[in-house]
Amino acid sequence: MATGILPKEAAVFFVPLVTLLLGLLIGYLAQRSGYCSIGGFRDYFLFRHTRLLSGYLTLIVAAFVGYLIFWFLTPAAMEHFFWAFTSGPATPIPGAPGGLNTVAYLIFSVIPGFLVGFIAVLLGGCPIRQTVMASEGNYKAAWFFIGMCAGSILFAALVSGWVVALMKALGFGV
Amino acid sequence: MRMFSWQDCWLGILYHPQRSTIFPYALSPFILEFAIGNSIFFLIGAKINRNPYFQKTLIKTPLMLRDEYSNTIRSTLSLLSRHPAFLGALIGILAACSQALLISAGGPEAYGFCVACHTRDMVNGITNIVAHTDLALAAISKNSLLPVLSVAGVLIGGYIASTFHREHKIRKGTKKEYFIYFIAGVLVLNLAMIFGGCPYRAALRTGYGDLTAVLFIVAMAAGVILGAYLMLKKAEKEAV
């Protein structure tokens, strides 16, 4: 069990507050800069513009640097940094539905990745761009966000069970 | 064990009436001038290159941000805030910072910021509280008082920024477009949750050392290239 700077009793109260402030800052700056990950790849492919792509690539590098810094400062909070060395090269960080083997998670990263990129570029933005466009007054993006809210309940109630059952029927169970 | 004394704190010895000589008192106006002047320059954004006192400490702006107004701190900040790379660096560092602060509450690692996962946590967590259901959540949202609220923050922050800069404008579409966007939202969230994160959490996971997230990013780039290629073909066909 990882322990951060705050003890558990305090962290439980600070989770909504800290994430709300983080989201406020990110939302403000995302509106100012037009930040978009899908748009970065799209602009580079169509026009060879690197402005948006630099944002996404900087995010990857800065995440590594940030986790490295806090791994030195608070090693108890970064229990499994660097994940590929501590937990095996092909195991994913938890977040996807559980109870499947490694090949299933590799499939889970390739097929959804391709489809998310394909759908989002046709809509004109990744999830954060759609959220920010909804807050700017774009009704289509607002309906995208409502769809995400409906899809989260749908995923928890039905889809995660279906996906696990399907992958187990295909022979990818543990 | 040595006790704390006024010598340990040099600001204390400067303003301590019994201990200090005339020398620190003679210095104090300059120190105050430095502190107050610096903060006034920072707040008002006066042209600091006119002032020889600050010429040595002038911020060296990168070439891509340099223009005729880039000689004040405020305009430099304004230019920085409009560059996506600045936001990317900020998200990366702050996500690591929030994990270091809050990981005791539980939850997966590399979970600092994610639009899909945090929407899922916010909606399902509030549904669980209101309707007494038992929908699946990340542990950090299940244990804490309220689920993570960063997507609500993104909505409010985007609204504040767009109204403050007069870019808030209602743009309506047709009912068919609304339906397509709704279905696309459902699809994108489910696909992202099957992977376990949106593009942003994929970047955070890549930084944390997860190699499956690299696969996700490569596959996403391939999907974007296919979609952009189809859009290009359609545009060419319409132009002809």
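The values are calculated or read from the model by the stated rules, or taken from the named source; none is laboratory data. From a predicted model like this one, the values you see are computed outputs, not experimental measurements. Note that each Cβ is placed from the backbone with ideal geometry, even for glycine, and that neighbours are counted across all protein chains shown.
Say whether the condition of being of a type outside the set (A, V, I, L, M, F, W, C), assigned by TED's automatic domain parsing to the domain that holds B:G107, buried (at least 21 other Cβ atoms within 10 Å of the Cβ) and in a helix (DSSP H, G or I) is met by at least one residue in the stretch B:163-180. Reasoning before the result, please.
Step one: list which residues in the stretch B:163-180 are of a type outside the set (A, V, I, L, M, F, W, C), which gives B:163, B:165-169, B:171-178.
From the residues that got through so far, the ones that are assigned by TED's automatic domain parsing to the domain that holds B:G107 too are B:163, B:165-169, B:171-178.
Subset that is buried (at least 21 other Cβ atoms within 10 Å of the Cβ): none.
For the stretch B:163-180, residues of a type outside the set (A, V, I, L, M, F, W, C), assigned by TED's automatic domain parsing to the domain that holds B:G107, buried (at least 21 other Cβ atoms within 10 Å of the Cβ) and in a helix (DSSP H, G or I): absent.
For the stretch A:47-81, name all the residues that are under 24 Å from B:A85 (Cβ atoms), within 7 Å of chain B (Cβ to nearest Cβ) and not aliphatic (A, V, I, L, M).
Passing the criteria: A:R51, A:S54, A:G55, A:Y56, A:T58, A:F64, A:G66, A:Y67, A:F70, A:F81.
Can you tell me which of B:A219, B:A235 is under 27 Å from B:I93 (Cα atoms) and either assigned to a helix (DSSP H, G or I) or modelled with pLDDT under 95 (or both)? First the steps, then the outcome.
Values: B:A235 fails: under 27 Å from B:I93 (Cα atoms).
After applying the criteria, what remains is B:A219.
A:S109 - would you say it is among the polar types (S, T, N, Q), without any contact (Cβ under 8 Å) to a residue 40 or more places away in the chain and in contact with a Leu (Cβ under 9 Å, 6 or more places away or on another chain)? Let's see the steps before the verdict.
On the way: among the polar types (S, T, N, Q): yes; without any contact (Cβ under 8 Å) to a residue 40 or more places away in the chain: yes; in contact with a Leu (Cβ under 9 Å, 6 or more places away or on another chain): yes.
Yes, satisfied.
Please work out which one of (1) closer than 15 Å to B:A89 by Cβ; (2) within 8 Å of another protein chain (Cβ to nearest Cβ); (3) assigned to a helix (DSSP H, G or I); (4) in contact (Cβ under 8 Å) with a residue 12 or more places away in the chain is the condition A:Y35 fails and give its number.
Here A:Y35 clears every test but (3).
I'm trying to understand the selection: among the residues of the stretch B:111-134, which are assigned to a helix (DSSP H, G or I) and at the interface with chain A (Cβ under 9 Å from one of its Cβ atoms)? Spell out how you get there, then give the answer.
Residues of the stretch B:111-134 that are assigned to a helix (DSSP H, G or I), as a first pass: B:115-131.
B:V115, B:A116, B:C117, B:H118, B:T119, B:R120, B:D121, B:M122, B:V123, B:N124, B:T127 - these are the residues of the stretch B:111-134 that are assigned to a helix (DSSP H, G or I) and at the interface with chain A (Cβ under 9 Å from one of its Cβ atoms).
Exactly one of (1) more than 30 Å from B:S78 (Cβ to Cβ); (2) in contact (Cβ under 8 Å) with a residue 60 or more places away in the chain is unmet by B:L232. Its number?
(2)
State whether one or more residues within the stretch A:148-157 are of a type in the set (V, I, T), in the same structural domain as A:G95 (by TED's automatic domain parsing), part of a helix (DSSP H, G or I) and in contact with a Leu (Cβ under 7 Å, 6 or more places away or on another chain). Outline the logic, then answer.
Filtering the stretch A:148-157 for residues of a type in the set (V, I, T) gives A:153.
Adding the requirement that they be in the same structural domain as A:G95 (by TED's automatic domain parsing) leaves A:153.
With the extra rule that they be part of a helix (DSSP H, G or I), the set shrinks to A:153.
Narrowing further to those that are in contact with a Leu (Cβ under 7 Å, 6 or more places away or on another chain): A:153.
Among the residues of the stretch A:148-157, at least one is of a type in the set (V, I, T), in the same structural domain as A:G95 (by TED's automatic domain parsing), part of a helix (DSSP H, G or I) and in contact with a Leu (Cβ under 7 Å, 6 or more places away or on another chain), which makes the answer yes.
Return the pair list, or none, for Cβ contacts closer than 8 Å from residues in the stretch A:153-174 that are without any contact (Cβ under 8 Å) to a residue 24 or more places away in the chain to residues that are of a type in the set (S, T, Y), at least 6 apart or on different chains.
Listed by first residue and then by second, the contacts come to A:I153/B:T127.
When you go through A:P75, A:P92, A:P97 one by one, which is the residue that is surrounded by fewer than 20 Cβ atoms within 10 Å (Cβ to Cβ), at pLDDT below 90 and not aromatic (F, W, Y)?
Testing whether each residue is surrounded by fewer than 20 Cβ atoms within 10 Å (Cβ to Cβ), at pLDDT below 90 and not aromatic (F, W, Y) leaves just A:P75.
Working only within the stretch B:187-240, note down all residues that are more than 26 Å from the chain's Cα centre (by Cα) and under 22 Å from A:Y35 (Cβ atoms). I'd like the intermediate steps shown before the answer.
Step one: of the stretch B:187-240, the residues more than 26 Å from the chain's Cα centre (by Cα) are B:187, B:222-223, B:225-240.
Within the stretch B:187-240, B:A222, B:G223, B:I225, B:G227, B:A228, B:M231 qualify.
Within the stretch A:74-133, track down each residue that is of a type in the set (S, T, Y) and over 27 Å from B:L155 (Cβ atoms). Break it down into steps so the answer makes sense when it comes.
Taking the stretch A:74-133 as the starting set, the residues that turn out to be of a type in the set (S, T, Y) are A:74, A:86-87, A:91, A:102, A:105, A:109, A:131.
Selection gives A:T74, A:T86, A:S87, A:T91, A:T102, A:Y105, A:S109.
Check off (1) within 7 Å of chain B (Cβ to nearest Cβ); (2) assigned to a loop (DSSP other than H, G, I, E, B); (3) under 17 Å from B:G197 (Cβ atoms) for A:F108 and give me the number that stays unchecked.
(2)
Against the condition surrounded by fewer than 24 Cβ atoms within 10 Å (Cβ to Cβ) and free of Cβ contacts under 8 Å to residues at least 40 places away in the same chain, how does B:G106 come out, does it pass? Give the derivation first.
Values: surrounded by fewer than 24 Cβ atoms within 10 Å (Cβ to Cβ): yes; free of Cβ contacts under 8 Å to residues at least 40 places away in the same chain: yes.
Yes.
Identify, please: which residue in the stretch B:135-180 is more than 7 Å from every other protein chain (Cβ to nearest Cβ) and hydroxyl-bearing (S, T, Y) and is, among those, farthest from A:R129 (Cα to Cα)?
B:S141
Conditions tested, residue by residue: (1) closer than 29 Å to B:I129 by Cβ; (2) touching a His at 6+ places or on another chain (Cβ under 9 Å); (3) in contact (Cβ under 8 Å) with a residue 40 or more places away in the chain.
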{"position": "A:W83", "(1), (2), (3)": "no, no, no"}
{"position": "A:T86", "(1), (2), (3)": "no, yes, no"}
{"position": "A:A90", "(1), (2), (3)": "no, no, no"}
{"position": "A:G113", "(1), (2), (3)": "no, no, no"}
{"position": "A:V132", "(1), (2), (3)": "yes, no, yes"}
{"position": "A:E136", "(1), (2), (3)": "no, yes, yes"}
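For the stretch A:51-67, indicate whether the set of residues that are outside any helix (DSSP H, G or I) and either surrounded by fewer than 24 Cβ atoms within 10 Å (Cβ to Cβ) or free of Cβ contacts under 8 Å to residues at least 12 places away in the same chain (or both) is non-empty.
Within the stretch A:51-67 (the criterion being outside any helix (DSSP H, G or I) and either surrounded by fewer than 24 Cβ atoms within 10 Å (Cβ to Cβ) or free of Cβ contacts under 8 Å to residues at least 12 places away in the same chain (or both)), the answer is no, since none of the residues qualifies.
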